[in-house]
1. Could you compute how much accessible surface Lys193 exposes when probed at 1.4 Å, giving the result in Å² to the nearest 10?
2. Counting only the backbone N, which residues of segment 143-170 are under 19 Å from the spot 7 Å out from the Cα of Ala131 toward its beta-carbon?
3. For the chain, what does the alpha-carbon gyration tensor say about shape, rounded, prolate or oblate, given a ≥ b ≥ c as the root eigenvalues, a/c under 1.5 as rounded, and a/b over b/c as prolate?
4. Calculate one ³J(HN,Hα) per residue across segment 68-78 by plugging θ = phi - 60° into the Karplus curve 6.51 cos²θ - 1.76 cosθ + 1.60, and present them in order as whole Hz with x for glycine and proline.
5. Can you bin segment 15-81 into rounded, prolate or oblate? Criterion: square roots of the alpha carbon gyration tensor eigenvalues sorted a ≥ b ≥ c, rounded for a/c under 1.5, prolate for a/b above b/c, oblate for the rest.
6. Please list, or write none, the lysines whose alpha carbon is within less than 22 Å of the alpha carbon of Lys205, excluding same-chain residues fewer than 8 places away.
7. Excluding Val14 itself, what net charge comes from residues whose Cβ is under 13 Å from its Cβ, given Lys and Arg +1 and Asp and Glu -1?
8. From largest accessible area down, sort Trp184, Trp32; use a 1.4 Å probe on the protein chains.
Amino acid sequence: MTPDSILVVEDDVVIGSELRTALGSAGFRVTWVQTGADALEATAADGPDLVLLDLGLPDIDGVLLCREVRAQVPAAVIVVLTARTAEFEVVVALDAGADDYLTKPFRLAELLARLRAHLRRRPSVPESAAAVSAGRVRLNVSARRAYVGGQEVALRPKEFDLLAVLVGAAGTAVSRDRLMAEVWDEHWFGSTKTLDVHVSALRRKLSDRGESDDRITTLRGHGYRYELEG
C-alpha cells in the first residue's frame, strides 16, 4: 500500500525540518516547502493527501493560500498551523477551506494523532446507499454529488459528509458527538469549532440555491437538526 503523502508548508527551518523527520519516521511520504509559491507548485505537480499549512508565510497570506490550495486539491485534508490565537482568525482559516487547526506551540504526539484521524476517515454514509434526500435536497452518495431543486451544489468533502448525515436523519436531532464521530473520526479529541464552521458554510451554500436559511437548526447544548419541509 502506498503511504499517504503530506505536504508541509512551513517557513521556519527548525520546525519544518523536525516535521519532515517526524512525519517521515511515522511512515508518511513528506514534501517540505517554505513558501506559498512553492506550495502551489507542489500541489499542482503531485496532489497530496494532506497539507500541513503554516498561516504565517513570508510571501502569501496563509488564509488566501489555504483557499487556493483547497481549489487545487478539493479532496485533500488541510490542517493549518497558527500562532494566532484570536478566534476570528481561526474561523476565517476554517471558512477558507481548512479542515482543522493546531495552535503553536503544539505537541508532536497530538499532531500525529490528528493527522492520522483525518487520513483514516471514511465517507460517513455507506456507498451502497444510492441516494438520500429530504425536501428539495438530494444527495447521490456513490457519486458524492449534492443537488438542491435539481441544481448541483459544490461541496467540500466534509461538507458533503456532514450534509449526508443530517439529511439522512432529517427531522431528528443529531448530537455534536455523533457528527464529530461520523464525519471526522470516532476517536476525535480536538476542537469541535470546525463543526460549526462547516455548518455555517452548508447553510450559506444551500441558501445560495434557494433553500431556507433555517433548514439546519442549531440545538443548543446538543447538536443540529435538518428540518423537514412543512
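1. Rounded to the nearest 10, that gives 50 Å².
2. 143-155, 160-161, 163-170
3. Numbers: a/c = 1.86, a/b = 1.83, b/c = 1.02.
It comes out prolate by the Cα gyration axes.
4. 6, 5, 4, 5, 6, 10, x, 8, 6, 7, 10
5. Working: a/c = 1.81, a/b = 1.29, b/c = 1.40.
The shape class here is oblate.
6. Leaving aside lysines fewer than 8 places away in the same chain, those within reach of Lys205 are Lys158, Lys193.
7. Numbers: positive: Arg20, Lys104; negative: Glu10, Asp11, Asp12, Glu18, Asp54.
Net local charge, Val14 excluded: -3.
8. Values: Trp184 5, Trp32 55 Å².
Highest to lowest solvent-accessible surface, that is Trp32, Trp184.
The values are calculated or read from the model by the stated rules, or taken from the named source; none is laboratory data. This one's a predicted model, so the numbers in the text were calculated from it and none came from an experiment. Reconstructed Cβ throughout: ideal geometry from the backbone, glycine too, with neighbour counts over all protein chains shown. Calculation scope for accessible area: heavy atoms of the full protein, side chains included, ligands and nucleic acids excluded. Shrake-Rupley method; radii C 1.70, N 1.55, O 1.52, S 1.80 Å.
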